[in-house]
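The values are calculated or read from the model by the stated rules, or taken from the named source; none is laboratory data. Remember, predicted model here, so these are calculated numbers, not experimental data. Here the Cβ positions follow ideal geometry from the backbone for every residue, glycine too, while neighbour counts run over all protein chains shown. With ligands, DNA and RNA removed, areas are computed over all heavy atoms of the protein, side chains included. Shrake-Rupley method; radii C 1.70, N 1.55, O 1.52, S 1.80 Å.
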Amino acid sequence: MRRLLIIIFITSFALQAKAQLLAVNTDVAMDAIMSPSVGVEIVMGKKSSLNINGMFGKNLFGRDVRFNAIQPEWRIYMSGRPMYHHYCGIIGLLTSYKTKYDNKWHDGDGGGIGVSLGYVLPLTDRLSIDFHTSLGAFFYHQKEYEAEAGYDYDTDIDHINDDGYPVANAHGTRFIPLRIGISVAYTIK
């Protein structure tokens, strides 16, 4: 709900700023793996735009995976026209997740920042396809524990801090693709 309010706020800001273009999009690569995504791209200048994408997922590929994420991205278009052909940008990622692999639960939050590259292929005046990729540093802070039957890390008294919240026991940094995919965008204004 909070992410939807953020998208509505930014959209209303762009409309008040008399932005030339506003587009809504969905990442078909994420939709294909049953992780719905929705985004909005707002023109902010003669060559730049702000793209904000939100997504969530549950039980992907038959595995116990749950996450939600928001990805802001500032794009600079090489063609001199926003939402048209090649661009490079700066992308961020904020996520909350819980997943089980290697017989361990990984439950935490993460954030990242990196660079992005992409190409927007216009199909009609309003419809376009966006091919994008990125690479960045991802910082995570998580609770990591063995996947034993009936064990609940969140209620174990040994892992609770003075405020009553579970204490994270693992953190680190990874260099990963922050976003890879193909989006379909529809220009509203």
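Out of ILE42, ILE33, ILE70, which single residue is in contact with a helix residue (DSSP H, G or I) (Cβ under 7 Å, 6 or more places away or on another chain), within 17 Å of LYS189 (Cα to Cα) and not polar (S, T, N, Q)?
Values: ILE33 fails: within 17 Å of LYS189 (Cα to Cα); ILE70 fails: within 17 Å of LYS189 (Cα to Cα).
Matching residue, one of ILE42, ILE33, ILE70: ILE42.
Can you name the residue in the stretch 60-108 that is basic (Lys, Arg) and open to solvent by 40 Å² or more (accessible area, probe 1.4 Å) and is also nearest to the chain's Cα centre (by Cα) among such residues? Give the steps one after another, and end with the answer.
To start, the set of residues in the stretch 60-108 that are basic (Lys, Arg) comprises 63, 66, 75, 81, 98, 100, 104.
Those still in the list that are open to solvent by 40 Å² or more (accessible area, probe 1.4 Å) too: 63, 66, 81, 98, 100, 104.
Numbers: ARG63: 20, ARG66: 14, ARG81: 25, LYS98: 16, LYS100: 20, LYS104: 24 Å.
Going through the qualifying residues, I end up with ARG66.
Quickly run through the stretch 41-59 and pick out the residues that are within 16 Å of the chain's Cα centre (by Cα) and either among the hydrophobic types (A, V, I, L, M, F, W, C) or open to solvent by less than 60 Å² (accessible area, probe 1.4 Å) (or both).
To start, the set of residues in the stretch 41-59 that are within 16 Å of the chain's Cα centre (by Cα) comprises 41, 50-58.
Once the filter is applied, which keeps residues that are within 16 Å of the chain's Cα centre (by Cα) and either among the hydrophobic types (A, V, I, L, M, F, W, C) or open to solvent by less than 60 Å² (accessible area, probe 1.4 Å) (or both), the stretch 41-59 yields GLU41, LEU50, ASN51, ILE52, ASN53, GLY54, MET55, PHE56, GLY57.
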